[in-house]
Amino acid sequence: MKKFTFISFIILILTFTAFGQRTRTVKVKTTTVTTTTATSAEKSIRAAFDRLIEGIKQADAEKVMSVYQNSEKILFFNNNGTATIGWENMKKNRQSLYEKTSNVTLDPTGIRVEMLGKDAAYVTCKWKQSQEYNGKLETASGRMTLVFRLIGKDWKVVHLHTSPDNPDASRPVLPSERITQQPSQ
């Protein structure tokens, strides 16, 4: 009887040991990490934006205006609270202002490119600028939104809206900035 109890005890221990050796399957929850990389379109838009900024820093009206769509319907909301309609008007304004402008520094920050589709996007940023205008040092800061459209193979600005933090009331309002009518659709 002792042998039978001993053998039963051994069998029982081996049975528990066998069941204890089971392989446990553990499900691991995986997390997908998405990295954001700029698309080809976003890179081209950013390159056009950078050309615009360089043109402003150089007080180069030709370079600046090359980024904008050459259209008489283009609408610019200026940093003095006025509006300019038409590419030619804006070019003339820039040329007359840039003749009196030197030593420009412009620092855009928080630049954000948002695609609105395959052929439209907008860029937003904050900016700080200093320059000499008519021999007098000026500083300003504000926010800007540029709407881009793919025209042919080039991304062009089709609308600009810039808002200064503290508009300078002493700056001249050019004749084309006094236009209050909207371009016809």
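Below, the figures for the structure above:
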quantity	calculated
Qualifying positions in the range 77-86 - under 18 Å from M144 (Cβ atoms) and modelled with pLDDT of 90 or more	T84
Strands (runs of 3 or more DSSP E) wholly inside the range 29-135 that include at least 1 residues being within 16 Å of the chain's Cα centre (by Cα) and under 15 Å from T162 (Cα atoms)	101-115, 120-133
Checklist (1) out of contact with any Leu (no Cβ under 6 Å at 6 or more places or on another chain); (2) crowded, with 18+ Cβ neighbours inside 10 Å; (3) closer than 16 Å to K43 by Cα applied to T124, failing item	(2)
Conditions (1) on the phi > 0 side of the Ramachandran plot; (2) modelled with pLDDT under 95; number of the one not met by A59	(2)
Any hit, the range 96-118, residues being under 14 Å from H159 (Cα atoms), out of contact with any Lys or Arg (no Cβ under 7 Å at 6 or more places or on another chain) and surrounded by 15 or more Cβ atoms within 10 Å (Cβ to Cβ)	no
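The values are calculated or read from the model by the stated rules, or taken from the named source; none is laboratory data. Bear in mind the structure is a predicted one, so any value in this text is a computation, not a measurement. Neighbour counts are summed over all protein chains in view; Cβ atoms, including those assigned to glycine, are modelled from backbone coordinates with ideal geometry.
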